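Trainee: I am attaching a structure below and will ask some questions about it afterwards.
All of the numbers you see were taken from the coordinates with simple rules; none came from a lab. It should be emphasised that the depicted structure is a prediction, and the values quoted were computed from it without experimental measurement. Ideal geometry is used to build each Cβ from the backbone, glycine not excepted, and the neighbour counts take in all protein chains shown.
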Ligand SMILES: Cc1cc2nc3c(=O)[nH]c(=O)nc-3n(C[C@H](O)[C@H](O)[C@H](O)COP(=O)(O)O)c2cc1C
């Protein structure tokens with residue numbers, strides 16, 4: 001349920017600069033796992049991610065993600081050109097994995113998940129229980145081609161994955177618009 005207005009969001013979360021993000025990127029991406037949420041109002045959807053990173057792209061603080069092209073969340077990221085990343089304390093691992101366990105295309109997972117959705121001042125949807133939230137705007141979507149891989153291991157990996165055409169992935173790049181930590 002979305003029940004918190006902008007003022008309440010700012011009571012719960014404090015804005016920080018990207019340079020002040022307290023965690024290292026490998027922990028955030030590979031252990032905490034971001035929950036990506038895209039869409040507006042009643043039509044939003046979340047998925048869990050484990051690939052990606054953060055850094056500078058064309059002088060902008062940026063994030064990048066690796067997303068299978070059939071994900072409903074990716075469709076909404078492209079439609080709205082914006083999304084949030086929510087990072088949760090360990091006690092919410094069950095919910096984080098739940099959002100990565102089934103698609104919003106054929107389930108009511110956003111109603112079932114035991115989390116409270118809240119709008120961010122940037123107009124994205126995120127979650128009250130998150131400890132870190134990053135608002136992003138879409139800068140680039142790039143398809144990933146098996147022929148572009150260079151090492152033997154990475155070629156073998158992508159060839160295996162791409163045997164199923166549903167597994168084709170895209171790199172999604174986004175500019176960091178705002179970063180919030182729980183007060
Ligand atoms: C820990 C974890 C990490 C995941 N990482 C990714 C990822 O980086 N890219 C991706 O496309 N799917 C990833 N998934 C799978 C999606 O989160 C999952 O398929 C999700 O149900 C897609 O939801 P949607 O179709 O509603 O957008 C991950 C799942 C889990 C549990």
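Trainee: Could you sort 130-142, 52-64 so that the peptide with the highest average Cβ count within 10 Å comes first and the rest follow in order?
Mentor: Ranking, from highest mean packing down: 130-142, 52-64.
Trainee: What percent does the relative contact order of segment 28-84 come to when contacts are Cα pairs within less than 8 Å and at least six residues apart?
Mentor: Relative contact order here is 37 percent.
Trainee: Which log10 I(q)/I(0) values does segment 17-75 give at q = 0.20, 0.21, 0.26, 0.28 Å⁻¹ under the Debye formula, counting every alpha carbon as one identical point scatterer?
Mentor: Result of the Debye calculation: -0.87, -0.93, -1.13, -1.17.
Trainee: Another one. How many times 2.2 N^0.38 Å is the alpha carbon radius of gyration of segment 86-132?
Mentor: Compared with the compact-globule rule of thumb, segment 86-132 sits at 1.16.
Trainee: What residue among 160, 114, 15 has the largest mean-square fluctuation in a Gaussian network model of the chain, using Cα springs under 10 Å?
Mentor: 160
Trainee: Please report, for the Cα atoms of segment 119-183, the Rg to one decimal and the Dmax as a whole number; what are they, in angstrom?
Mentor: Computed over the Cα atoms of segment 119-183, radius of gyration and Dmax are 17.1, 46 Å.
Trainee: Then there's this: Could you grab the relative contact order for the chain? Cα pairs under 8 Å, six or more apart, rounded to a whole percent.
Mentor: Value for the chain: 31 percent.
Trainee: With each label point set 7 Å from Cα along the Cα-Cβ vector, what nm distance links residue 146 and residue 8?
Mentor: Going by the 7 Å Cα→Cβ label model, 5.0 nm.
Trainee: So what's the angle, to the nearest 10 degrees on a 0 to 90 scale, between helix 152-161 and the longest Cα principal axis of the chain?
Mentor: 70
Trainee: Separate question: Using Cβ contacts closer than 10 Å as the measure, can you line up 74, 99, 168 from fewest to most?
Mentor: By the 10 Å Cβ count, ascending, the order reads 168, 74, 99.
Trainee: Could you put 120, 73, 151 in order, starting from the residue whose Cβ has the fewest other Cβ atoms within 10 Å?
Mentor: 151, 120, 73
Trainee: What nm value, rounded to one decimal, do you get for the distance between residue 75 and residue 112 when each label is placed 7 Å out toward the C-beta?
Mentor: Output for this residue pair reads 1.8 nm.
Trainee: Follow-up question, since we're still on this one. Which of rounded, prolate or oblate describes segment 70-113 when judged by the alpha-carbon gyration tensor and an a/c cut-off of 1.5?
Mentor: Note, shape of segment 70-113 comes out oblate.
Trainee: Return the tail of the calculated pair distribution for the chain, meaning the percent of Cα-Cα pairs more than 21 Å apart.
Mentor: Of the Cα pairs, 49 percent sit more than 21 Å apart.
Trainee: Quick check: residue separation of residue 66 and residue 15 times 0.36 nm, minus the Cα distance between them. What number comes out in nm?
Mentor: Answer, rounded to one decimal: 15.7 nm.
Trainee: Still on this structure, please answer the following. So, R0 is 30 Å and r is the distance between the beta-carbons of residue 103 and residue 157; what FRET efficiency does that work out to, to 0.05?
Mentor: 0.80
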